[in-house]
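Participant: What follows is a structure written as structure tokens; I'll ask about it next.
The values are calculated or read from the model by the stated rules, or taken from the named source; none is laboratory data. Being a predicted model, the structure only gives us computed values, none of them experimental. Note that each Cβ is placed from the backbone with ideal geometry, even for glycine, and that neighbours are counted across all protein chains shown.
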Amino acid sequence: MKLLPLTPDGQTPVRVLTIAGTDSGGGAGIQADSRTMALCGVHACVAVAAVTVQNSVGVSGFHEIPPETVAAQVRCVVDDIGVGAAKTGMLASTAIIEAVAAVCTEVGIGRDLPVPLVVDPVCASMHGDPLLHAEALDAVRNTLIPIATVVTPNLDEIRLITGIEVEDDATARRAAEALHALGAQWSIVKGGHLRTSASSTDLLFDGDTFLEFSSPRIDTGNDHGGGDTLAAAIASALAHGWSVPDAVAFGKEWVTKCLEASYDLGAGHGPVSPLWRLRRS
């Protein structure tokens, strides 16, 4: 696969901002974003939206950061450091979603703005534990997705956001169209959890054309943080100036390698791992 370039020592790398929640177990959230960004040669900036209490078994609670503090983190990073792309993850509440959407628009982050935005509309953990207040789904639909350059939900999130149960190619295409209709410039329907074949196919849609990205299905239960890792890889490629289709193709290959390198951790699901790049010359 074609890897993103590593910046020579002493030179400033491209920067990507992640606006998301923490994972105290280190497998997902801001921790997964930062690992992928570092190994994609990117300097990761962070706006913490929530602090979770979780491990490999599940999420037992979370604490929301005040919306004005989340927005202030975004503003101060962009004003001083500047970023080439941004992504969102767990935003927890309507108030935080609205604050993030407003500040991103203010500083030029989002669809049709200078800085592309990847929206990972996190609603629940892989264990089914809620990471978003139920009443905030309308804010995801009406406030967050409309500013997305790319939106990257998993199948459970697609069902919650659009009401569509993805079961095959036809329903995947309907879901991609529904996500695009909510305002996203590009929508992705991921096939990793649609276990109907030996391959995993992601569908990308821009309102006119469907593009498919397939990889062998990796048989592992250690897939914690896979969605965060995919979105972070796409954002990293966009920050390097890649087109959306090329960035998505890269993200698909990246997360497949991370699944191959995943490892056991704790009593539950271990994380996908970008550490494989450390062994690449």
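Participant: Among the residues of region 7-39, how many are assigned to a loop (DSSP other than H, G, I, E, B) and closer than 16 Å to ALA232 by Cα?
Facilitator: Going through region 7-39 one residue at a time, the tally reaches 7.
Participant: If we scan region 206-219, do we find a residue that is in contact with a Pro (Cβ under 7 Å, 6 or more places away or on another chain) and surrounded by fewer than 20 Cβ atoms within 10 Å (Cβ to Cβ)?
Facilitator: Taking every residue of region 206-219 in turn, at least one turns out to be in contact with a Pro (Cβ under 7 Å, 6 or more places away or on another chain) and surrounded by fewer than 20 Cβ atoms within 10 Å (Cβ to Cβ).
Participant: Exactly one of these conditions fails for THR229: (1) surrounded by 24 or more Cβ atoms within 10 Å (Cβ to Cβ); (2) farther than 26 Å from LEU3 by Cβ. Give me its number.
Facilitator: Result: THR229 fails condition (2) only.
Participant: Out of GLU135, GLU157, report the one residue that is over 13 Å from the mean Cα position of the chain (by Cα) and either assigned to a strand (DSSP E or B) or among the acidic types (Asp, Glu) (or both).
Facilitator: After applying the criteria, what remains is GLU135.
Participant: Among the numbered conditions (1) assigned to a helix (DSSP H, G or I); (2) touching a strand residue (DSSP E or B) at 6+ places or on another chain (Cβ under 9 Å); (3) of a type outside the set (Asp, Glu); (4) surrounded by fewer than 24 Cβ atoms within 10 Å (Cβ to Cβ), tell me where ALA102 comes up short.
Facilitator: In the conditions (1) assigned to a helix (DSSP H, G or I); (2) touching a strand residue (DSSP E or B) at 6+ places or on another chain (Cβ under 9 Å); (3) of a type outside the set (Asp, Glu); (4) surrounded by fewer than 24 Cβ atoms within 10 Å (Cβ to Cβ), ALA102 misses (2) alone.
Participant: Still on this structure: Sort out which residues of region 136-160 are hydrophobic (A, V, I, L, M, F, W, C) and either surrounded by fewer than 22 Cβ atoms within 10 Å (Cβ to Cβ) or under 19 Å from PRO245 (Cβ atoms) (or both), and write them in order of number.
Facilitator: ALA136, LEU137, ALA139, ALA148, VAL150, VAL151, LEU155, LEU160
Participant: Could you tell me whether GLY266 is of a type outside the set (S, T, N, Q), in a loop (DSSP other than H, G, I, E, B) and farther than 20 Å from PRO153 by Cβ?
Facilitator: When the stated conditions are applied, GLY266 passes them.
Participant: When the residues of region 176-191 are narrowed to those that are in a loop (DSSP other than H, G, I, E, B) and within 16 Å of PRO121 (Cβ to Cβ), which ends up modelled with the lowest pLDDT?
Facilitator: Among residues in region 176-191 that are in a loop (DSSP other than H, G, I, E, B) and within 16 Å of PRO121 (Cβ to Cβ), the one modelled with the lowest pLDDT is LYS190.
Participant: Would you please list the contacts, defined by Cβ atoms under 7 Å and residues six or more apart or on different chains, that run from a residue in region 34-54 that is over 13 Å from ARG15 (Cβ atoms) to a residue that is of a type in the set (Asp, Glu) and part of a strand (DSSP E or B)?
Facilitator: ALA50/GLU64
Participant: Taking region 117-156 as the search range and keeping residues that are among the charged types (D, E, K, R) and modelled with pLDDT of 95 or more, which one is nearest to ALA28 (Cα to Cα)?
Facilitator: It comes out as ASP120.
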